[in-house]
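Undergrad: Got a structure for you, questions after.
The values are calculated or read from the model by the stated rules, or taken from the named source; none is laboratory data. Small disclaimer: the values here were computed from a predicted structure and weren't measured. Cβ atoms come from the backbone with ideal geometry, glycine included; neighbour counts cover every protein chain shown.
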Amino acid sequence: MTETTGNLHVMNRAALTKRLVAGLKNREAVIGGIGNSNWDLWGAGQRPENFYMLGSMGLAAPIAFGVAIAQPARRVFALEGDGSLLMQLGCLSTIAAQAPKNLAIIVWDNGIYQITGGQSTPAAQARTDIVAIARASGIASAAWAADEAEFDVLVARALTTDGPHVIGVKIDNEPGRNQTDRDPIRFRESFMRAMAEPV
Amino acid sequence: MSSTAEAAPTWHGILRQAFKDQDVRLVTYVPDNVLRPLIDGCHADPFFTTFSCTREEEAVGIVTGACMAGMRGVVLMQTSGFATLPNALASLPVAFQVPVVMVVSERGTMGEFNPGQAIVCRTMRPILDSMGIEHHTMTRLDEAAFVADRTIRQAFATRWPACLIISPLLSGGRK
Ligand SMILES: Cc1ncc(C[n+]2csc(CCOP(=O)(O)OP(=O)(O)O)c2C)c(N)n1
């Protein structure tokens, strides 16, 4: 695991989302963030344990946290863009305070609001270290993934050790590859049915 | 069943009992002075998982997630906090039809001293109405149990968010 941003390999959201999903064997819940995070989750293969939001930018981690509170036996992942997390940074303190053992937040940090035209985020302009924010918020298990191998190690840790965990990933500026359907009722129903299944 | 039933009834004791009766176990809030006895009562009662959030939107996200995973929840806030919510409500619990229950302590009316609160207060019911979120303003202690129980019950039966507005007529407002 890597503590600073100095020597991070720039990776790809679609490829890493596939890697993540391929390693999920126990009906883990995955909450996709607005836009690209969702689209690459969709592209990684649809599973009923995935939840694809609409316009509630910044709420992937809170939604995942809610799932984690309700079901302590199930591992829960939030996939969130850097711009989205910046909009709801306080949730890191809320999560740290409640310390859900089964929650992991993956932050896709491209330094831009890709989907709205690629404008740089204030955090990128200011060289804000999002993983350091998570750690300073009280989430001790917060680290950058330096490369794909380290990403795998951090995901394995999130699947096997007590959280909450935050995994920061520097990604390229590729847009999400596959748009989701826009069918909230269907998504909610299938997600709820999946959550009703034992882990 | 609890001591709340035997002691002189209070609006907050009645609300807490209504949460229990409808199996609402997760209580999230952004603090409000009027809501203090309700917040304190929930914290003190091990039936509930109770914690503060940094923003009302965050609480709506948490309760939406918990509800979809089988744990019913409520968001407690004041009027100004509700006014931060339209996008989160429209795009999440309303669009996905998840019964997020909200309890709003009404500030900005009946002798408000803060002009900002007074203006914000006027936005609340139009926002709720525009999304078709049923809301009831609780003004009387003798009706409180009925209104709270039925509103929460209907939210879960019809899978739609609902909002209980605690009027200063009931709570006594901010002293
Ligand atoms: C509250 C709110 N403000 C603005 C938007 C518009 N918006 C949608 S996606 C987005 C950018 C998301 O950025 P990020 O999370 O970094 O993901 P990326 O597009 O870079 O993958 C914005 C500004 C919105 N949906 N909701």
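Undergrad: Scan the strands (runs of 3 or more DSSP E) fully inside the range B:5-95 and keep the ones with 1 or more residues being touching a Pro at 6+ places or on another chain (Cβ under 8 Å). Write out each step before concluding.
TA: On the way: elements: B:24-29, B:49-52, B:72-78.
Filter on the range B:5-95 gives B:49-52, B:72-78.
Undergrad: Which number in (1) under 20 Å from A:ARG13 (Cβ atoms); (2) within 13 Å of the chain's Cα centre (by Cα); (3) within 14 Å of chain B (Cβ to nearest Cβ) marks the one condition that A:MET87 misses?
TA: Against the list (1) under 20 Å from A:ARG13 (Cβ atoms); (2) within 13 Å of the chain's Cα centre (by Cα); (3) within 14 Å of chain B (Cβ to nearest Cβ), A:MET87 comes up short only on (2).
Undergrad: Within the range B:84-97, restricting attention to residues that are within 15 Å of the chain's Cα centre (by Cα) and surrounded by 20 or more Cβ atoms within 10 Å (Cβ to Cβ), which residue is farthest from the ligand (Cβ to nearest atom)?
TA: Here is the first cut: in the range B:84-97, the residues within 15 Å of the chain's Cα centre (by Cα) are B:84-85, B:89, B:93.
When the remaining residues are screened for being surrounded by 20 or more Cβ atoms within 10 Å (Cβ to Cβ), the result is B:85, B:89, B:93.
Details: B:LEU85: 11, B:LEU89: 12, B:PRO93: 15 Å.
It comes out as B:PRO93.
Undergrad: How many residues, within the range A:21-64, are within 8 Å of chain B (Cβ to nearest Cβ) and in contact (Cβ under 8 Å) with a residue 60 or more places away in the chain?
TA: Of the residues in that region, 3 qualify.
Undergrad: I'd like to check something: does the range A:150-164 contain any residue that is within 20 Å of A:ALA22 (Cα to Cα), out of contact with any strand residue (DSSP E or B) (no Cβ under 6 Å at 6 or more places or on another chain) and among the hydroxyl-bearing types (Ser, Thr, Tyr)? Walk me through how you get there before you give the answer.
TA: Residues of the range A:150-164 within 20 Å of A:ALA22 (Cα to Cα): A:150-161.
Still in the running and out of contact with any strand residue (DSSP E or B) (no Cβ under 6 Å at 6 or more places or on another chain): A:150-153, A:155-157, A:159-161.
Remaining after also requiring among the hydroxyl-bearing types (Ser, Thr, Tyr): A:160-161.
Among the residues of the range A:150-164, at least one is within 20 Å of A:ALA22 (Cα to Cα), out of contact with any strand residue (DSSP E or B) (no Cβ under 6 Å at 6 or more places or on another chain) and among the hydroxyl-bearing types (Ser, Thr, Tyr), which makes the answer yes.
Undergrad: Return the residues of the range A:44-86 that are under 17 Å from A:PHE187 (Cα atoms) and among the charged types (D, E, K, R); say none if nothing qualifies.
TA: Once the filter is applied, which keeps residues that are under 17 Å from A:PHE187 (Cα atoms) and among the charged types (D, E, K, R), the range A:44-86 yields A:ARG47, A:GLU49.
Undergrad: Same structure again: Return yes when A:ALA142 is within 14 Å of another protein chain (Cβ to nearest Cβ) and surrounded by 22 or more Cβ atoms within 10 Å (Cβ to Cβ) and no when it is not. Outline the logic, then answer.
TA: Values: within 14 Å of another protein chain (Cβ to nearest Cβ): no; surrounded by 22 or more Cβ atoms within 10 Å (Cβ to Cβ): yes.
Here the answer is no, as A:ALA142 does not meet what is asked.
Undergrad: Suppose the filter is in contact with a helix residue (DSSP H, G or I) (Cβ under 8 Å, 6 or more places away or on another chain) and either closer than 16 Å to B:LEU164 by Cα or in contact (Cβ under 8 Å) with a residue 12 or more places away in the chain (or both); does B:GLN17 pass it? Walk me through how you get there before you give the answer.
TA: Values: in contact with a helix residue (DSSP H, G or I) (Cβ under 8 Å, 6 or more places away or on another chain): yes; either closer than 16 Å to B:LEU164 by Cα or in contact (Cβ under 8 Å) with a residue 12 or more places away in the chain (or both): yes.
Considered against the rule, which asks whether it is in contact with a helix residue (DSSP H, G or I) (Cβ under 8 Å, 6 or more places away or on another chain) and either closer than 16 Å to B:LEU164 by Cα or in contact (Cβ under 8 Å) with a residue 12 or more places away in the chain (or both), B:GLN17 comes out as yes.
Undergrad: Let me confirm something: among B:THR10, B:THR64, B:THR54, which residue is surrounded by fewer than 19 Cβ atoms within 10 Å (Cβ to Cβ) and within 23 Å of A:GLU80 (Cβ to Cβ)? Working first, answer last.
TA: Values: B:THR10 fails: within 23 Å of A:GLU80 (Cβ to Cβ); B:THR64 fails: surrounded by fewer than 19 Cβ atoms within 10 Å (Cβ to Cβ).
Answer to the selection: B:THR54.
Undergrad: With (1) away from the ligand (no atom under 15 Å from the Cβ); (2) farther than 25 Å from B:GLY73 by Cα; (3) buried (at least 24 other Cβ atoms within 10 Å of the Cβ) as the list, and A:PHE51 as the residue in question, which single condition is left unmet?
TA: Condition not satisfied by A:PHE51: (2).
Undergrad: For the range A:101-138, which residues satisfy the criterion of being closer than 24 Å to B:VAL63 by Cα and over 15 Å from the mean Cα position of the chain (by Cα)?
TA: A:LYS101, A:SER137, A:GLY138
Undergrad: Mind checking which residues of the range A:81-106 are more than 9 Å from the ligand (Cβ to nearest atom) and hydrophobic (A, V, I, L, M, F, W, C)?
TA: Looking only at the range A:81-106, we keep the residues that are more than 9 Å from the ligand (Cβ to nearest atom), and these are A:88-106.
Those that are more than 9 Å from the ligand (Cβ to nearest atom) and hydrophobic (A, V, I, L, M, F, W, C): A:LEU89, A:CYS91, A:LEU92, A:ILE95, A:ALA96, A:ALA97, A:ALA99, A:LEU103, A:ALA104, A:ILE105, A:ILE106.
Undergrad: Before we move on, is A:ILE133 within 16 Å of the ligand (Cβ to nearest atom), within 14 Å of chain B (Cβ to nearest Cβ) and crowded, with 18+ Cβ neighbours inside 10 Å? Walk me through it before giving the result.
TA: Details: within 16 Å of the ligand (Cβ to nearest atom): yes; within 14 Å of chain B (Cβ to nearest Cβ): yes; crowded, with 18+ Cβ neighbours inside 10 Å: yes.
Yes, satisfied.
Undergrad: Now a separate question. Tell me the residue from A:GLY66, A:GLY32, A:GLY81 that is farther than 27 Å from A:PRO175 by Cβ and surrounded by 24 or more Cβ atoms within 10 Å (Cβ to Cβ), please.
TA: Working: A:GLY32 fails: farther than 27 Å from A:PRO175 by Cβ; A:GLY81 fails: farther than 27 Å from A:PRO175 by Cβ.
Answer to the selection: A:GLY66.
Undergrad: While we're on this one: List the number of the failed condition for A:ASN173; all other conditions in (1) more than 14 Å from chain B (Cβ to nearest Cβ); (2) more than 10 Å from the ligand (Cβ to nearest atom) hold.
TA: The failed condition is (2).
Undergrad: Hey, can you tell me all the residues within the range A:1-44 that are modelled with pLDDT of 95 or more, more than 16 Å from A:GLY111 (Cα to Cα) and part of a loop (DSSP other than H, G, I, E, B)?
TA: The answer is A:GLY23, A:LEU24, A:LYS25, A:ASN26, A:ARG27, A:GLU28, A:ALA44.
Undergrad: Looking at A:VAL67, is it within 14 Å of chain B (Cβ to nearest Cβ), of a type in the set (A, V, I, L, M), away from the ligand (no atom under 16 Å from the Cβ) and in contact with an Asp or Glu (Cβ under 8 Å, 6 or more places away or on another chain)? First the steps, then the outcome.
TA: Working: within 14 Å of chain B (Cβ to nearest Cβ): yes; of a type in the set (A, V, I, L, M): yes; away from the ligand (no atom under 16 Å from the Cβ): yes; in contact with an Asp or Glu (Cβ under 8 Å, 6 or more places away or on another chain): no.
In short, no.
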